[in-house]
Amino acid sequence: GFKVCADMVKAAVEATGVTVPVALHLDHGSYEDCFKAIEAGFTSIMYDGSHEETFQLNLDRTKELVELAHSKGISIEAEVGGIGGTEDGVTSNGELADPNECKQIAELGVDFLACGIGNIHGVYPEDWAGLSFERLSEIKAEVGDLPLVLHGGSGIPEDQIKKAISMGVSKINVNTDLQLVFAAATRKYVEAGKDLEGKGFDPRKLLKPGRDAIVEKTKALMEEFGSVNQA
Ligand code: 13P
């Protein structure tokens, strides 16, 4: 799977002649997945060791993978403090990463660090407490210029997003928001009976509104995050 994915992305980049740098990044990779992705030609990996049995194991494995990734000239993201929410059927609350653990992982030379600051994957519950800027500033004080990653980017109020960026967050992961706009646009197409008109059942037609909706949402998020023309 990793090899097919890497080959498809490379072919798409060549075929479309994009002019901005494109990274093929493994998100939340297990220790084993990271080796497979590197072997397959990914240009960036995330080793999510936050679920390992001990912090020491996360530290040891991150160290090993930093050395391997950098020997191949690719970037590596690490994680401290599990990002809560429901992902792959596992639900947990938004943790606050330990600043001292962040420091130890940062010192290994990772390229970016995902740290829990109350953020969670998926749709935020009504009673969500919001991001902990106190914890973010404590982490920032320990890791210096290391770019921080905010996972669970869907549905965080814009003012919190902007404040997090101003305090050192350089990468924001968004998935659920894009899935939601895809589903809504596809539902609209089917409910309007368009799949029953002519060749409207052709996947290239059936899936187009959802795809277009993802493109529009991505553009809007890039404006919000201030990432337009930054590549
Ligand atoms: P959301 O699905 O909550 O946007 O989170 C995405 C993410 O963090 C992927 O790593």
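For segment 20-40, backbone nitrogen atoms closer than 20 Å to the point 7 Å from residue 68 Cα along Cα-to-C-beta are found at 24-40. Averaged over its residues, the chain has an accessible area of 56 Å² per residue, based on protein heavy atoms and a 1.4 Å probe. Round to a whole number: what % of the accessible area of the chain belongs to carbon and sulfur, probe 1.4 Å? The value for the chain is 54 percent carbon and sulfur by accessible area. What base-10 log of the normalised intensity I(q)/I(0) is obtained for segment 133-175 from the Debye formula, alpha carbons as equal point scatterers, at q = 0.18 Å⁻¹? Debye output, listed in q order: -0.48. Membrane-span-like helices in the chain, defined here as complete DSSP H runs extending at least 20 Å along the helix axis by their C-alpha atoms with mean Kyte-Doolittle hydropathy no lower than -0.5, are 2-16, 55-71, 176-191; this is a sequence and geometry rule, not a statement about a membrane.
Take the Kirkwood radius over Cα pairs of the chain, plug it into Stokes-Einstein at 37 °C and 0.692 mPa s, and you get 171 µm²/s for translational diffusion. The alpha-carbon atoms of segment 12-84, seen along their principal axes, cover 44, 29, 17 angstrom, with the largest extent given first. Counting other C-beta atoms within 10 Å, and keeping those with at most 14, which DSSP coil chymotrypsin sites (Phe, Trp or Tyr not before Pro) do you find in segment 140-231? Filter output for segment 140-231: 201. Here the label points at residue 219 and residue 166, each 7 Å from Cα along the C-beta direction, are separated by 2.8 nm in the simple model.
Taking Cα centre as origin and charging only the Cβ of basic (Lys, Arg, +1) and acidic (Asp, Glu, -1) residues, the dipole magnitude of segment 22-130 rounds to 340 debye. Let me see the pair-distance distribution of segment 142-208: every alpha carbon pair, 5 Å bin width, integer percents in order. For segment 142-208, the pair-distance distribution reads 3, 15, 18, 13, 10, 9, 9, 9, 7, 4, 2, 1, 0.
In summary, the aspartates and glutamates within cross-link reach of residue 163, defined as a Cα separation below 14 angstrom excluding same-chain residues under 8 places away, comprise 134, 224. Multiplying the residue separation of residue 100 and residue 230 by 0.36 nm and removing their Cα-Cα distance gives an extension gain of 43.7 nm. Summed over qualifying helices (DSSP H, 4 residues or more, each -39500 (n - 2.57)) and divided by its residue number, the chain shows a 222 nm mean residue ellipticity of -14500 deg cm²/dmol. Only lysines eight or more places from residue 10 in sequence, or on another chain, were considered; those with a Cα closer than 20 Å are 36, 72. Applying a threshold of 24 Å to the alpha-carbon distances of 188/217; 162/217; 3/217 flags 3/217 as lying beyond it. Taken along the Cα-to-beta-carbon direction at a fixed 7 Å, the label points for residue 208 and residue 13 span 2.9 nm. Sorting 37-48, 138-149 by average packing, meaning the other beta carbons within 10 Å per residue, from highest down gives 37-48, 138-149. FRET efficiency for residue 54 and residue 27, Cβ-Cβ distance as r, R0 = 22 Å, nearest 0.05? Between residue 54 and residue 27 the formula returns 0.45.
Our estimate of slack between residue 183 and residue 158, defined as 0.36 nm per intervening residue step minus the Cα-Cα distance, is 6.7 nm.
The values are calculated or read from the model by the stated rules, or taken from the named source; none is laboratory data. The model shown is predicted, which means the values in this text are computed figures rather than measured ones. Every residue, glycine as well, gets a Cβ built from its backbone with ideal geometry; the counts of neighbours run over all protein chains shown. Areas reflect the complete protein model, heavy atoms only, side chains present, ligands, DNA and RNA absent. Shrake-Rupley method; radii C 1.70, N 1.55, O 1.52, S 1.80 Å.
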